[in-house]
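Single-structure report; data block below.
The values are calculated or read from the model by the stated rules, or taken from the named source; none is laboratory data. All figures in this text were calculated on a predicted structure; none of them were measured in a lab. All Cβ positions, even for glycine, are placed from backbone atoms using ideal geometry, and neighbour counts span all protein chains on display.
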């Protein structure tokens, strides 16, 4: 990788580090009116920040094009640990009302640099194709945070990825690996829009894999008979619920609400992700997730009740922001959505597996099935969206929890259907101009993004 800065920081070369980044992120979310601590450093360089994008030069020069670039970066750990990594599954996230194809990843890089002088490394998988998984894993586990961007293809339609250099199956395999990589002292992941949808399908894939492996390949001599049968019984029930759970959408007219089926069972390509009832473009209000419990599938009530326990146990960043900051308005830019049935199912299944593994974790840890212990312990739906008094997207964000078997400490990653890096105009800063620090500090989406990064790296 040629012509890259070898010292972390753009405004303050070689002075940017974890402590300074953390402090600057915290100062940004601390209030809505104080000036930036970097003010004196903006004068000389802020213009190049606002005018450039990927490949135009500093601070957007760190673009991975090959496995050789990954190898080169891995020789520079001081750069990796003080940078975020941005994954692009597609070349743009959609076309805005101005007719512009929006490459939203540049906004993330711009925000992190402007607010905290945190560098970014871009991995455009849509362009590079599948990269060496071990090299990529080493990079992503050791950076500050990983952000998986949105994109225009649909997770329910493999053909929509045909014009990219990476297939849907390869992206899902990458996402599964990323979900399993959230261990002690590893980077948190933040999945946005298409990333949010890839994560949802990856959860279902991982649950299929572990239940299949337990039911067909697990040696009964690994654990005691009672624990073995308990684990198998849990998996048989998970498979049964997964195969029979039906996903419904609602259509509202002036007088009636009608339900219609969009997917039957976890093998349906629309089980995890389906077309939203109404495409969402522009600002909507975040609200707490809730459900009446009324649903045609018999298992739904159990899944919902389990989720209520999860929610009570894990009051997180997003929920607190909704409660304390009030009337949070964020930008949506999507036509597909993650189905609440799929996430409620995944949360319940992860919980059942986690409980069954707790008493036999030491046996599993030294077996060929040790990857079981890398699975999340729960996944919580943390908010929905409301627009003009109508519920729009039930699963607007999720919190993926990993409860350490030994310490009971919880690590987190997050997924967002919305685009916290985009403002009302849905434009790249390179084209619209970099907003003032004050404007960014008062934008709910930007504040949410920075808060989640701050809290995630502080854990």
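Structure data summary
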| quantity | calculated |
| --- | --- |
| Single condition residue 391 does not satisfy, out of (1) surrounded by fewer than 19 Cβ atoms within 10 Å (Cβ to Cβ); (2) out of contact with any strand residue (DSSP E or B) (no Cβ under 7 Å at 6 or more places or on another chain); (3) not assigned by TED's automatic domain parsing to the domain that holds residue 27 | (2) |
| Any hit, region 136-151, residues being more than 26 Å from residue 58 (Cα to Cα) and under 17 Å from the mean Cα position of the chain (by Cα) | no |
| Complete set of residues in region 69-93 that are crowded, with 21+ Cβ neighbours inside 10 Å and over 16 Å from residue 144 (Cβ atoms) | 69, 70, 88, 89, 90, 93 |
| Selection status of residue 25, in contact with a strand residue (DSSP E or B) (Cβ under 8 Å, 6 or more places away or on another chain), more than 30 Å from residue 153 (Cβ to Cβ) and assigned to a helix (DSSP H, G or I) | no |
| Residue selected from region 43-68 under the condition at pLDDT 95 or above and in a helix (DSSP H, G or I), by the criterion surrounded by the fewest Cβ atoms within 10 Å (Cβ to Cβ) | 68 |
| Condition broken by residue 196, with the remaining ones in (1) touching a residue at least 60 places away in the same chain (Cβ under 8 Å); (2) assigned to a loop (DSSP other than H, G, I, E, B) satisfied | (2) |
| Qualifying residue in region 399-414 (condition: in contact with a helix residue (DSSP H, G or I) (Cβ under 6 Å, 6 or more places away or on another chain), farther than 22 Å from residue 26 by Cβ and modelled with pLDDT under 95) | yes |
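A quick yes/no check of all residues on (1) out of contact with any strand residue (DSSP E or B) (no Cβ under 7 Å at 6 or more places or on another chain); (2) at pLDDT 90 or above; (3) crowded, with 23+ Cβ neighbours inside 10 Å; (4) within 28 Å of residue 374 (Cβ to Cβ):
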{"site": "419", "(1), (2), (3), (4)": "no, yes, yes, no"}
{"site": "425", "(1), (2), (3), (4)": "yes, yes, no, no"}
{"site": "431", "(1), (2), (3), (4)": "yes, yes, no, no"}
{"site": "438", "(1), (2), (3), (4)": "yes, yes, no, no"}
{"site": "442", "(1), (2), (3), (4)": "yes, yes, no, no"}
{"site": "447", "(1), (2), (3), (4)": "yes, yes, no, no"}
{"site": "453", "(1), (2), (3), (4)": "no, yes, yes, yes"}
{"site": "458", "(1), (2), (3), (4)": "yes, no, no, yes"}
